[in-house]
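Trainee: Sharing a structure with you now.
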Amino acid sequence: TYVVTENCIKCKYTDCVSVCPVDAFCEGPNMLVIDPEVCIDCDVCVPECPAGAIYDENDVPEGQTSFIELNRELSGQWPTISQMKDPPADAEDWDGVTGKLEYLEK
Ligand code: F3S
């Protein structure tokens, strides 16, 4: 399964949503996650993310493995998103900023 990691927080570009064939993405206030029960492991979303935030669960960068469980947990609480939307106006400013987990809104 694929996992959305920290760099999505406050970037939330949603390009990933436009290519997902199974609507596996779920939307929170400032981040998306992938529902591991819906993801079919096709990987088309990975190159679409301008923030490089999506990884195979086996290749999640060190220090970000907590996002595997977070995707599972939050996908059970957040609604499915099936259409791309405009990113936050300051998305570019947050791209690549580290330590964004503290800003995650649930
Ligand atoms: Fe997030 Fe990248 Fe999708 S920033 S919303 S995982 S395109």
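FYI, it's all coordinate maths here, none of it is from the lab. Note that this is a predicted model, so its numbers are computed, not measured. For neighbour counting, all protein chains shown are included, and Cβ atoms are generated from backbone atoms with ideal geometry for every residue, glycine included.
Trainee: So, with +1 on the Cβ of K and R and -1 on the Cβ of D and E, and no other charges, what is the size of the charge dipole of the chain about its Cα centre, to the nearest 20 debye?
Mentor: Value, rounded to 20: 260 debye.
Trainee: Further question: Hey, what number do you get for the chain at 222 nm if only DSSP H runs of n ≥ 4 count, each worth -39500 (n - 2.57), divided across all residues, to the nearest 500?
Mentor: Mean residue ellipticity at 222 nm (helix-derived): -4000 deg cm²/dmol.
Trainee: Put +1 on the Cβ of each Lys and Arg and -1 on the Cβ of each Asp and Glu in the chain; which of Pro21, Gly52, Pro79 then has its Cα farthest toward the positive end of the dipole?
Mentor: Checking the options against the dipole of the chain, the answer is Pro79.
Trainee: Restricting to DSSP loop positions (anything but H, G, I, E, B) with no more than 15 other Cβ atoms inside 10 Å of their own Cβ, which chymotrypsin sites (Phe, Trp or Tyr not before Pro) remain in region 1-88?
Mentor: Working: sites: Tyr2, Tyr13, Phe25, Tyr55, Phe67; in loops: Tyr13.
In loop regions of region 1-88 (DSSP not H, G, I, E or B), there are no sparsely surrounded chymotrypsin sites (Phe, Trp or Tyr not before Pro).
Trainee: What are the GluC sites (Glu not before Pro) within region 11-58 that DSSP puts in a loop, where the Cβ has at most 12 other Cβ atoms within 10 Å?
Mentor: Passing both the DSSP loop test and the Cβ count: Glu37.
Trainee: So how much slack lies between Glu73 and Asp86, counting 0.36 nm per residue of separation and subtracting their Cα-Cα distance, in nm?
Mentor: 2.2 nm
Trainee: Now, a different point. Apply 1/(1 + (r/R0)^6) to the Cβ-Cβ distance of Asn58 and Val22, taking R0 = 25 Å, and write down the FRET efficiency to the nearest 0.05. Numbers along the way, then the final one.
Mentor: Details: r = 20 Å, r/R0 = 0.80.
Efficiency at R0 = 25 Å is approximately 0.80.
Trainee: Once the Cα gyration tensor of the chain is found, what semi-axes does its equivalent ellipsoid get, as square roots of 5 times the eigenvalues, in whole Å, sorted largest first?
Mentor: Rounded to whole Å, the semi-axes are 18, 16, 13.
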